[in-house]
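The values are calculated or read from the model by the stated rules, or taken from the named source; none is laboratory data. Remember, predicted model here, so these are calculated numbers, not experimental data. Backbone-built Cβ (ideal geometry, glycine too); neighbour counts: all protein chains shown. Only protein heavy atoms, including side chains, enter the accessible area calculation; ligands, DNA and RNA are left aside. Shrake-Rupley method; radii C 1.70, N 1.55, O 1.52, S 1.80 Å.
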Amino acid sequence: MFMSELFLSYSSFRTGRLLCCTVQSVTHSICYSSSELRLLVKSHLRSSAFFALLAEQQPHRADSMDDQAENRSRQRTREYLEGLQLLKQGAEARVYRGLFLGKPAVVKERFTKTYRHPLLDEKLTHRRTAQEGRSILRCRKAGIPTPVVYFVDYISHCIYMEYIEGSVTVRDYIISTEEKGGSLYGLAEKIGKILARMHDEDVIHGDLTTSNMLLRPPHQDLELVLIDFGLSFISALPEDKGVDLYVLEKAFLSTHPNTEDVFSALLKSYTATSKKSAAIIKKLDEVRLRGRKRSMVG
Ligand SMILES: Nc1ncnc2c1ncn2[C@@H]1O[C@H](COP(=O)(O)OP(=O)(O)OP(=O)(O)O)[C@@H](O)[C@H]1O
Ligand SMILES: [Mg+2]
């Protein structure tokens, strides 16, 4: 992209006339949202030629005001999160327990990864935060149980959502039920049904594991809640749904050894519930075969 084109787009952005723009050059044309454009300009600011051009027009004062407001917001969120109880520290996100307008809430914060290029990191983190909020809403609209989203903060990349009080993960429930010698077939049937409904809405979860499903109390009522939609996306393709089930199968059988029969019951219930299960199960079989071939080749 040429500096002058970037500068023109940026000027319109500064005057508030631009929410998103298409920047064209001889070789390509890209549509940027205003936040992406701002980041792009910031990275170009390191180039002294472009800095001189901006200095001539004196637009960087407002830029620093934007930065100051964002920094203040980040600082306030940081201070708030420091007072909360940390529930889980993952590789991508921290999950805190807190209150949102007096309601029990969890705050899921996707933090900055310094090993990534800042632009790429901002883009990925933004996308995952947005995707999580969007897919949860789509599921809730279709009556698929997920936590209520209270608020999404795109500056600190935090999602504030309903805290499912007294819940356990399906992972922990399976482990404790196995210890007691209880049956898991009822649970398998419930999971199969919910996943079929989710796939019929074209939501692909992207990270189906037994840790990303919760059971509300009383746990024996098997009231499932799906969580952790950061890798989710929308697709109607049987292949994407088949891969989603394959990811779950792998995670399920490695976390809970000797549960092949339970997983078969899950698939049976999925097949009976989903309107488009035949093509999806066919794809699942193909993906399994590919997986097996790959592991034979090594
Ligand atoms: N809405 C919620 N209510 C109650 N507990 C929750 C809620 N959301 C998340 N948790 C708890 O926090 C854990 C981590 O949440 P989540 O899976 O969203 O984050 P994560 O960082 O992606 O975790 P992982 O890397 O294990 O997938 C969950 O397994 C669950 O125990
Ligand atoms: Mg998770």
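So the values come out like this:
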item: Test: residue 110 is among the basic types (Lys, Arg), open to solvent by 90 Å² or more (accessible area, probe 1.4 Å) and closer than 19 Å to residue 205 by Cβ; result: no
item: Selection within segment 204-230 - more than 16 Å from ligand 2 (Cβ to nearest atom) and not in a loop (DSSP other than H, G, I, E, B); result: 219, 220, 221
item: Single match in 213, 161 (criterion: open to solvent by less than 20 Å² (accessible area, probe 1.4 Å), of a type outside the set (Ser, Thr, Tyr) and more than 25 Å from residue 83 (Cα to Cα)); result: 213
item: Check on residue 150, open to solvent by 30 Å² or more (accessible area, probe 1.4 Å), within 16 Å of ligand 1 (Cβ to nearest atom) and part of a strand (DSSP E or B); result: yes
item: Close pairs (7 angstrom Cβ cut-off, 6 or more residues apart or separate chains): over 15 Å from residue 81 (Cα atoms) in segment 99-125, of a type in the set (Val, Ile, Thr) and open to solvent by 20 Å² or more (accessible area, probe 1.4 Å) anywhere; result: 121/112
item: Tally of residues being assigned to a loop (DSSP other than H, G, I, E, B), open to solvent by 50 Å² or more (accessible area, probe 1.4 Å) and either aliphatic (A, V, I, L, M) or at pLDDT below 95 (or both) across segment 166-203; result: 0
item: Every residue from segment 231-245 that is open to solvent by less than 10 Å² (accessible area, probe 1.4 Å) and not in a loop (DSSP other than H, G, I, E, B); result: 241, 242, 244, 245
item: Tabulated pairs, segment 218-240, first within 29 Å of residue 109 (Cα to Cα), second among the basic types (Lys, Arg) and within 13 Å of ligand 1 (Cβ to nearest atom), C-beta under 6 angstrom, 6+ apart or interchain; result: 223/216; 230/128
